[in-house]
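This report refers to the structure that appears directly beneath it.
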Amino acid sequence: MASSGSLVTSWIVDEQKAAAAEWIYKLDVKSTIRLIHAHPVKAHEASCVMLLIGCSSGDVLLYQLLSGTKTQLHHIKSANGAPPLSTCFDPLERRFTVTFANNSLVHVVAGQPGKCKETTAWLLEAERDPELPEEKQHKLWFPSVCRDQGRSCLRLGDSQGFVHSVNLGLPPKMTKEKLHADEITGIESIRFNSETDMLVTCSKDKKICVWQDRGDRLGKVAEYTCLSSPTCLAASREGNLFAVGDTTGRFQLLRVWTNVRPSD
């Protein structure tokens, strides 16, 4: 945990208006911005935006933007300087979850308007191969994370093909399932037709899978094979369309149907 100040060079409120757009804020930092996430929230009956900025230096900044003003809530930095890799926002608790490249540390950064909350962090353990020496054990990190729409928990896709489900109590309760043969590069939680909760994952094993929460496990609804390894995934608000990008620059749009039953 570090204090802010030296990283940010200037905030600029720009009044210049274009034909179809208006600059509201500009922020200059002393590092390449690798990750950004903005989410609107209510603050004392007024609308504001919670803004998270992740930099290649390993710094993560959390701001509240309200009526032309800004309040910095948190500034954290990864222990080894690794850049932030993925993030998601919980609108009910007003907290971000952030993961870092080549790092098994998961940060939960929370803030409320006019009030800061402490950040929390924990380590998730990798599966160990008893036949490999310690220096060759596979490192664990989390390329993808989302907030589950149905269970109000976090879902983290890891570099070994596992999905970790985390209920953020004290201490956090964690379970995990092996869903892919390789690194999970994208994960999205959707509410299908406002009634059916599903999870979509993509992986370096060239698979895109749709899962339905069965209580004690995730049941596979559908599986799709790609020509190249997917690198990112985004879902429509309705939950039936998915955009997938891969290592060759190919973009694909996938439609999921509701009449498929989970497989055993």
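The values are calculated or read from the model by the stated rules, or taken from the named source; none is laboratory data. It should be emphasised that the depicted structure is a prediction, and the values quoted were computed from it without experimental measurement. FYI the Cβ positions are ideal-geometry reconstructions off the backbone, even for glycines, and counts take in every protein chain you see. The protein model used for the area step is the full one, side chains on, heavy atoms only, and it has no ligands, DNA or RNA in it. Shrake-Rupley method; radii C 1.70, N 1.55, O 1.52, S 1.80 Å.
Here are a few things to note about the model shown:
- Output for the range 46-62, where each listed residue is more than 20 Å from A101 (Cα to Cα) and either open to solvent by 10 Å² or more (accessible area, probe 1.4 Å) or free of Cβ contacts under 8 Å to residues at least 24 places away in the same chain (or both): A46, S47, V49, L51
- Residue in the range 107-151 that is modelled with the highest pLDDT, counting only those that are among the small types (G, A, S) and open to solvent by less than 70 Å² (accessible area, probe 1.4 Å): S144
- Residue in the range 185-200 that is open to solvent by 60 Å² or more (accessible area, probe 1.4 Å), closer than 27 Å to H107 by Cβ, assigned to a strand (DSSP E or B) and modelled with pLDDT under 85 present: yes
- Selection of the range 50-105 for residues being of a type in the set (S, T, N, Q) and touching a Cys at 6+ places or on another chain (Cβ under 7 Å) yields Q64, T97.
- Answer residue from the range 227-240, given it is in contact with a strand residue (DSSP E or B) (Cβ under 7 Å, 6 or more places away or on another chain) and either loosely packed, with under 14 Cβ neighbours inside 10 Å or under 14 Å from C202 (Cα atoms) (or both) and is modelled with the lowest pLDDT among those: A235
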